[in-house]
Amino acid sequence: MANSEESCSTQLIDGDGVFNATGIDKLIKVIRLADCGLSYAIVSIMGPQSSGKSTLLNHLFGTNFREMDAFKGRSQTTKGIWLARCAGIEPCTLVMDLEGTDGRERGEDDTAFEKQSALFALAVSDIVLINMWCHDIGREQAANKPLLKTVFQVMMRLFSPRKTTLMFVIRDKTRTPLENLEPVLREDIQKIWDSVPKPHAHKETPLSEFFNVEVVALSSYEEKEEQFKEQVASLRQRFFHSITPGGLAGDRRGVVPASGFSFSAQQIWKVIKENKDLDLPAHKVMVATVRCEEIANEKYASFASNEDWCHLEEAVQSGPVSGFGKKLSSILDSFLSEYDAEATYFDEGVRSAKRRQFEEKLLQLIQPAFQSLLGHIRSETLEKFKQVFDKALNGGEAFSLASCNCAQFCMALFDEGCADAVIEHANWDTSKVRDKLRRDIDAHIDSVRAAKLSELTSLYEAKLKEALSGPVEALLDGASNETWPAIRKLLRRETEAAVSGLSDALSGFDLDEQTKDKMLASTKDYARGVVEAKAREEAGRVLTRMKDRFTTLFSHDSDSMPRVWTGKEDIRAITKTARSASLKLLAVMAVTRLDDDHSDNIEGTLSVALVESANGAVKDRSITSFDPLASSTWEEVSPKKTLITPVQCKSLWRQFKSETEYTVSQAIAAQEANKRNNNWLPPPWAIAAMVILGFNEFMTLLRNPLYLCVIFVGFLLFKALWVQLDISGEFRNGALPGLISLSSKFLPTVMNLLKRLAEEGQNPMTNDPNRNPATNDQQRNPALESRSFRNGVSASSSMSSSASSEVISSEYASPAKED
């Protein structure tokens, strides 16, 4: 490949007819022809050998084709076909320099290559320059008339019509004016065209339909070189923008895109080369195929950018389009008609096959829009169903009737929408979309049914929970022999009412009997579960309930008034009664008794194990007996019904006793303290003995008044100690605790009194004479009093607790002795 600054050239076809695919690919890559799209032109030149074709091209287009050296004689210079880029001409223009005709090198009989190269030039070129001498005009052979006749015949029979510009360049113009030469030349060309057999459709088609004929004349290059160059420069201007409307090739047709030029040229030459006699029926089918595909592609691209189609496609994206099928069918009809009109000339079989492919391609293009439209119709119909269905249900219509009527109405509505969207050219099945809509409607019906049923179930369950929870809790709180029968009666009554109401509500849902029975059974189970859950909840608080019941019965009398422990109450009997009631509560809460045939002896078992066994153990600790509570299950009671196991009952009772003993001990201590407060004077016999035995001392005092003074002073001192030590308060908690407390306080109190007397004697009499020494002493020693009081109470409490424990032990350990 030869290169210049702006021009590049390569041999496209060599003298033996071999196509140089590598060379043309390199050339196209160098000049970047593939980027030109359709904006390029092909110019070729044909004419006799040594007629100055290469010289004309080099001056006209700035190429560097090899020129003949006149000093070496006239011989063949260009072999085969050469291709070069024109320098400085826009758009990109390629020029082909064909081997000269009528050369002695190939001989008189070897004209096949001449015809093949000429046919090739006409097949791929937009402008064909025919170089001829001025003095050859009017001659049969020199003007290439046989060659033109053959080319016209083959072009008409094989190739798709394309508008090619034939520019006849008359060389070495004589004095004869061009105006006189041109008519003669055009007349000869027209005669050749008229003599060529044409298809029926083109019988009357003029030459101008396929070719633009231009005639120019140039002076002799050797004799008038400057004038020749001026004329060539003027002619060069006509090749600028040659493909624009009004240019030399402005009305060309069937242009191959620049990226496919190499392949197209190679295939055309291959077909031409393999058919030397120029009878190319196979190429007719190939060209028809290529051209029909071009037409189909053009129409497809035109359809894709069609304004009406684009509006429909855009509208379908946002929602259903009324009359979609009719509108789109009309657009398809118009484009298919255009294809038929442009492809009529080509082979019928190829044309029909390409038409079917074109139609299928169009349908593939519009199918997404059609499917989108069906999707919108389906979605809109589904939303419509939801609206009318909800409206029907809110209007009070039965669920099954409303679902059936609304589904039928909406399916009919969908069928109408599909009929409006159907395209005549397509046999697309809408049953899948219809089935999906039906499934969506059924799914929505099922979801609404499930929601409604769930709502109904939740409503009646809430009613059951409200009707059962509070009464069951109250019944269990007042545990007695009638507790569980009352709970069973309550459960039966509320369950029957709920089941009856739910059964009536379910009648409008058209449910099968199995489903309905299952829901009613679930409601019954829920009611039973509410009672069992409440029972388990209350069982978890049984210890608190037992202590509350014990405290209520122990601390209040039969009139619910708080007890005052005066000493007349029988604490043992009261304690026994309160604990028996608590034991009754524990027995009631141990298991659930919701079945009518339930029977158990849990209360007896607990009484024997927790009360009687304890009393028996006190009598005879050496006898080991079986513990009925040493088990995790109750006899003849299912574990599912067990709320508190026997082992848990034993543990709870032990905890209950330990936490209630303090209350009993406090009551016993209060009773004993009350007794002591009421009997703090000595017994009557002691008073009588004191009077009899102290008579002499009393008489001595009467005889000597000084003793009375001493006694009076002693009384004052005793009174002061009495007040300071709070003797009556100390003995309120018992004799022994009082003595212990007084013994610890006595010496400090005496020392304090003596100290205060000494201080009072030293203080001046200006101090407040009315001030009570006892008051001062109390104010100076509040901590002492507080500490002494606490010590006394502590000691008293200890002694009282000890005493109450002895009383409780004797109550349960020695029932026989008490009797």
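Aspartates and glutamates within cross-link reach of K534: Cα-Cα under 20 Å, excluding same-chain residues under 8 positions apart?
Qualifying aspartates and glutamates at Cα under 20 Å: E461, E466, E473, D477, E482, E494, E496, D525, D548, D595, D596.
Give me the distance between the Cα centres of the range 10-69 and the range 558-611, rounded to whole Å.
124 Å
In nm, to one decimal, how far is the D548 label point from the D35 one, both placed 7 Å along Cα→Cβ?
Between D548 and D35, the simple spin-label model gives 9.5 nm.
Using the beta-carbon distance between E537 and S500 and R0 = 25 Å, what value does 1/(1 + (r/R0)^6) give for FRET efficiency, to the nearest 0.05?
On the way: r = 28 Å, r/R0 = 1.12.
Computed FRET efficiency for E537 and S500 comes out at 0.35.
Please work out the FRET efficiency for the pair S507 and S318, using the Cβ-Cβ distance as r and a Förster radius of 45 Å; give the result to the nearest 0.05. Walk me through the numbers before you get to the answer.
On the way: r = 44 Å, r/R0 = 0.99.
Approximately 0.50, to the nearest 0.05.
List the residues whose amide H sits under 5 Å from the amide H of W133, counting only those 5 or more places along or on another chain, with H placed 1.01 Å from N in the peptide plane.
R171
Place a point 7 Å from Cα of A419 in the direction of its Cβ. Which residues in the range 359-383 have their backbone N less than 18 Å from it?
Flagged as within label range: 374, 377-378, 381.
Around N212, which amide H atoms from residues at least 5 apart in sequence, or from another chain, sit under 5 Å from its own amide H, with H modelled in the peptide plane?
Answer set, sorted by chain and number: T164, T165, L166.
Give the shape of the range 490-611 as rounded, prolate or oblate, defined through the alpha-carbon gyration tensor: a ≥ b ≥ c are the square roots of its eigenvalues, a/c under 1.5 means rounded, and otherwise the shape is prolate if a/b is larger than b/c and oblate if not. Show your work: numbers first, answer last.
Working: a/c = 4.42, a/b = 2.80, b/c = 1.57.
Here the range 490-611 falls in the prolate category.
Would you please give the FRET efficiency between A341 and F240, computed as 1/(1 + (r/R0)^6) with r the Cβ-Cβ distance and R0 = 41 Å, to the nearest 0.05?
On the way: r = 34 Å, r/R0 = 0.84.
With a Förster radius of 41 Å, E is 0.75.
Using the Karplus curve 6.51 cos²θ - 1.76 cosθ + 1.60 with θ = phi - 60°, what ³J(HN,Hα) values do you get for each residue of the range 364-381, in whole Hz, with x for Gly and Pro?
Calculated HN-Hα couplings, in order: 5, 5, 8, 4, x, 5, 5, 5, 5, 4, 4, x, 5, 4, 4, 5, 5, 5 Hz.
Expected output is a single nm value to one decimal: the length gained when fully extending between S431 and A688, i.e. 0.36 nm times separation in residues minus the C-alpha distance. What is it? Don't skip to the end; give the middle numbers.
Working: separation 257, 0.36 × 257 = 92.52 nm, distance 12.53 nm.
Gain on extension, S431 to A688, equals 80.0 nm.
Residue by residue through the range 687-692, what is 3J(HN,Hα) from phi via Karplus (6.51 cos²θ - 1.76 cosθ + 1.60, θ = phi - 60°)? Round to whole Hz and write x for glycine and proline.
5, 4, 5, 5, 5, 5
Ordered by residue, what ³J(HN,Hα) values in Hz, to whole numbers, does the range 244-250 give under the Karplus form 6.51 cos²θ - 1.76 cosθ + 1.60, where θ = phi - 60° and Gly and Pro are x?
6, x, x, x, 4, 10, x
So how much slack lies between H200 and V184, counting 0.36 nm per residue of separation and subtracting their Cα-Cα distance, in nm? Show your work: numbers first, answer last.
Numbers: separation 16, 0.36 × 16 = 5.76 nm, distance 2.87 nm.
That pair, H200 and V184, stretches by 2.9 nm at full extension.
Considering only protein heavy atoms and a 1.4 Å probe, what is the carbon-and-sulfur percentage of the accessible area of the range 361-497?
On the way: 3690 of 7270 Å².
Carbon and sulfur together cover 51 percent of it.
Which distance in nm do the two modelled labels at D333 and N306 give, with both placed 7 Å along the Cα-to-Cβ direction?
In this crude spin-label approximation the distance works out to 1.2 nm.
Put a dot 7 Å past each Cα toward the Cβ at S631 and E222; how far apart are the dots in nm?
Rounded to a tenth, the inter-label distance reads 14.2 nm.
Can you work out the PRE-style zone for E661? Point 7 Å along Cα to Cβ, and I want the residues of the range 528-553 with backbone N under 14 Å.
The answer is none, because no backbone nitrogen lies closer than 14 Å to the label point.
In the range 165-254, what GluC sites (Glu not before Pro) fall in a loop by DSSP, with at most 13 other Cβ atoms inside 10 Å? Please list the in-between numbers first.
Details: sites: E179, E187, E204, E209, E214, E222, E223, E225, E226, E230; in loops: E204, E222, E223.
Qualifying residues, ordered by number: E204, E222, E223.
How far, in nm, would the chain grow between Q367 and R676 when pulled straight, counting 0.36 nm per residue and subtracting the alpha carbon separation?
Numbers: separation 309, 0.36 × 309 = 111.24 nm, distance 11.06 nm.
Working it through step by step, the gained length comes to 100.2 nm.
The values are calculated or read from the model by the stated rules, or taken from the named source; none is laboratory data. Predicted model only: the values in this text are computed from it and were never measured. Every residue, glycine among them, receives a Cβ derived from its backbone with ideal geometry; neighbour counts consider all protein chains shown. Surface areas here come from the heavy atoms of the whole protein model, side chains and all, with no ligands, DNA or RNA. Shrake-Rupley method; radii C 1.70, N 1.55, O 1.52, S 1.80 Å.
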